[in-house]
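First comes the structure, then the notes that go with it.
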Amino acid sequence: MSQDLRNAPTTKPAIAEALRDIATPGGSGAAAGASAPAAPAPVDMVTIKVDGREVQVKKGTNVLEACLQNGVDVSYFCYHPGLSSPAVCRQCLVEVVGQPKLVPSCYTPVADKMEVVTSSPRVLQARQQMLEFTLVNHPVDCPICDKAGECTLQKLYDDWDHTGSRTEFN
């Protein structure tokens with residue numbers, strides 16, 4: 001099925017809102033009473049834990065979409081719901097309990113009873129290192145760039161720590 005991407009959302013909040021709109025068929029009751037036992041998930045839904053909080057998402061959803069649908073901010077560059085997920089930026093790495101390595105959330109499908117950690121020291125250090133690696137060959141102050149300060153890369157650089165690269169150039 002071909003999808004027209006000209007009017008597709010391009011900002012994180014717009015993408016998260018679009019994903020939330022399609023997340024739950026019928027749109028009812030996924031966040032009802034936390035103290036009551038959760039009702040069994042419908043057949044096309046799975047229950048996962050994101051940072052200790054149980055959420056239900058549609059089977060086949062990737063971890064990044066599940067996080068964004070439930071208000072958990074995971075940084076990313078290369079993901080767009082209308083395109084394939086090459087997972088090349090490695091900015092969306094998360095920890096999945098039971099897996100020895102961090103996984104790219106944009107490429108990893110959810111599984112029932114999966115536990116995802118998005119902000120452990122290990123995850124945050126890996127994201128910072130991936131950002132540093134990306135910035136080695138990309139200037140942060142881009143006077144000729146059309147984005148002119150509205151760039152995800154610049155935002156993430158500002159969010160982290162504004163430090164220079166550990167790489168010396170001769």
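The values are calculated or read from the model by the stated rules, or taken from the named source; none is laboratory data. The structure presented is a predicted model; accordingly, all values stated were derived computationally and were not measured. Note that we place each Cβ from the backbone using ideal geometry, even for glycine, and neighbour counts take in every protein chain shown. Surface accessibility is based on the protein's heavy atoms, side chains included, excluding ligands, DNA and RNA. Shrake-Rupley method; radii C 1.70, N 1.55, O 1.52, S 1.80 Å.
Could you please let me know if L68 is assigned to a loop (DSSP other than H, G, I, E, B) and either open to solvent by 20 Å² or more (accessible area, probe 1.4 Å) or out of contact with any Pro (no Cβ under 6 Å at 6 or more places or on another chain) (or both)?
Taking the combined requirement at face value, the residue does not satisfy it.
Return the total of residues in the range 87-115 being acidic (D, E) and assigned to a loop (DSSP other than H, G, I, E, B).
Residues meeting the conditions: 1.
Select from the range 71-113 the residues that are among the aliphatic types (A, V, I, L, M), within 10 Å of the chain's Cα centre (by Cα) and open to solvent by less than 20 Å² (accessible area, probe 1.4 Å) and list them in ascending order.
V74, L93, V94
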